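Okay, structure first, notes after.
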């Protein structure tokens, strides 16, 4: 009599093989997803550095050698008197390493605390600019004691930025993320106290966080300065857009 023996396949072994394949597939998926996220963060920075930053000169001001511990007075706001996290870049008080005091002639008039800014090329329409706050998550912010729009002096406006792929023209946390794509002669419109002023871009450049010259006031011209962080998604430098009013 002949007997035939067949080895029984263990169910546990089959399950184990399937589990190993599933784990390998999940691991590879997570790896590729991680690489995709890393590439999404790095590519815009590299694109900016090679496609745009080469057009912007880095301006180094020898006067910007103040002490980091110097008090930052912004109008009626004494930033050192407030418990503000210096790393919170949604507040304009964190954007420069030192502060400076600027002053304007006081004519006794009551100035508007908010107005609107438009940049057609970036599809930014009537974005809110406030002069009585410093929270960039809620609006654009005019730096305290800089000139009101349309008047002699330098109107300085800060806006927050992140990686450009997250840009939304109505989201103040991302509103200036594509500011670097502007070109010379592009128009910027400000509606202030019922009057719309037209500015045209004259200069685009970068400065270090210690450079306060971009906040200075000159009363022989009427200019507008837009400031955001750069390269996109970082806080290493400040991108400066300077425009002059069109009479």
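Using 7 Å Cα-to-Cβ label points, what is the residue 26/residue 151 separation (nm, one decimal)?
Between residue 26 and residue 151, the simple spin-label model gives 6.4 nm.
Please give the per residue volume of the convex hull enclosing the alpha carbon atoms of region 187-247, rounded to a whole number of Å³.
Working: hull volume 6.4 nm³, N = 61.
Roughly 104 Å³ of hull volume per residue.
How would you rank 20, 237, 138, going from fewest to most other Cβ atoms within 10 Å of each one's own Cβ? Mind showing how you got there, number by number?
Numbers: 20 10, 237 18, 138 13.
Fewest to most other Cβ atoms nearby, the residues stand as 20, 138, 237.
With each pseudo-label sitting 7 Å past Cα toward Cβ, what's the residue 169-residue 135 distance in nm, one decimal?
It works out to 2.6 nm between the two label points.
Take residue 113 and residue 55, extend 7 Å from each Cα along the Cα→Cβ direction, and tell me the distance between the two endpoints in nm.
According to this spin-label approximation, the distance is 3.9 nm.
Label 7 Å along Cα→Cβ of residue 246; region 184-199 residues with amide nitrogen under 17 Å?
Zone members listed by number: 184-192, 195-199.
FYI, it's all coordinate maths here, none of it is from the lab. Computed from a predicted structure; not experimentally measured. Ideal geometry is used to build each Cβ from the backbone, glycine not excepted, and the neighbour counts take in all protein chains shown.
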